Structure formats: C-alpha cells, structure tokens
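Readers should treat all values here as calculations from the given coordinates under stated rules, not as data from a laboratory. Since this is a predicted model, take the numbers as computed values, not measurements. Every residue, glycine among them, receives a Cβ derived from its backbone with ideal geometry; neighbour counts consider all protein chains shown.
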Amino acid sequence: MSTTAPSDLNSRIRDILAKQGRLAVGIDEVADEDNLFRLGLSSHANVAVMLALEDELDVEFPDEMLRKETFESVSAIARAVSQLIGTSAPTA
C-alpha cells in the first residue's frame, strides 16, 4: 500500500465502520477515541470490519493484533494500521 495521510486513513476507517460496523449511532457521531464496542460493534461485525480493512488498505492483521483493544476505537484501528503499513513488505 502506498503511504496514506492520517486524515485519509481515519476517513477510510470511518467509511468501513459505517458500512460494516453496524453501530447504534451514525459514524458522524463517533469521536476517534469512543469505544466502538460500547456503541454496538459486535464480535461478528468486528470480523467484517477487520476483513474490509484488510481488503481496502491492503494489509493483514497478524495474530498478535487480533485483540479487542486493536479495534476498540477509530484511533486504535488507525494506530494498528499505521504500524502495519510501516512494517509490512511492499506488495506487487
């Protein structure tokens, strides 16, 4: 994946959450640090979000990142994806 600006990354994460997250509130009502699980993100929806993130952002979450804390907020997801972008090998 090419370098993504933080604001663009947050926007892409929010788009995916809006489509896949099944949150009890609109994504525009969600602050970056809000707990997504408290806002209705179920474990099933979390998997859908993770898979959509992997597809959209061309990353793969390693087993050690498959924890509730990784997907707890928009900020937490952005931190995880940023880490993956910085450490993942370029793809063809």
Quick one: would you say Val49 is within 15 Å of Ala18 (Cα to Cα), assigned to a helix (DSSP H, G or I) and β-branched (Val, Ile, Thr)? yes
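Would it be correct to say that Ile27 is surrounded by 13 or more Cβ atoms within 10 Å (Cβ to Cβ), free of Cβ contacts under 8 Å to residues at least 24 places away in the same chain, on the phi < 0 side of the Ramachandran plot and of a type in the set (Val, Ile, Thr)? Step through it out loud before you land on a result.
Values: surrounded by 13 or more Cβ atoms within 10 Å (Cβ to Cβ): yes; free of Cβ contacts under 8 Å to residues at least 24 places away in the same chain: yes; on the phi < 0 side of the Ramachandran plot: yes; of a type in the set (Val, Ile, Thr): yes.
In short, yes.
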Quick check, is Val47 touching a residue at least 12 places away in the same chain (Cβ under 8 Å) and of a type in the set (A, V, I, L, M)? no
Scan (1) small (Gly, Ala, Ser); (2) closer than 25 Å to Gly86 by Cβ; (3) touching a Lys or Arg at 6+ places or on another chain (Cβ under 9 Å) for the single condition Ser42 breaks and write down its number. (2)
Are any residues in segment 32-78 in contact with a Gly (Cβ under 8 Å, 6 or more places away or on another chain) and among the β-branched types (Val, Ile, Thr), and if so, which ones? Val49
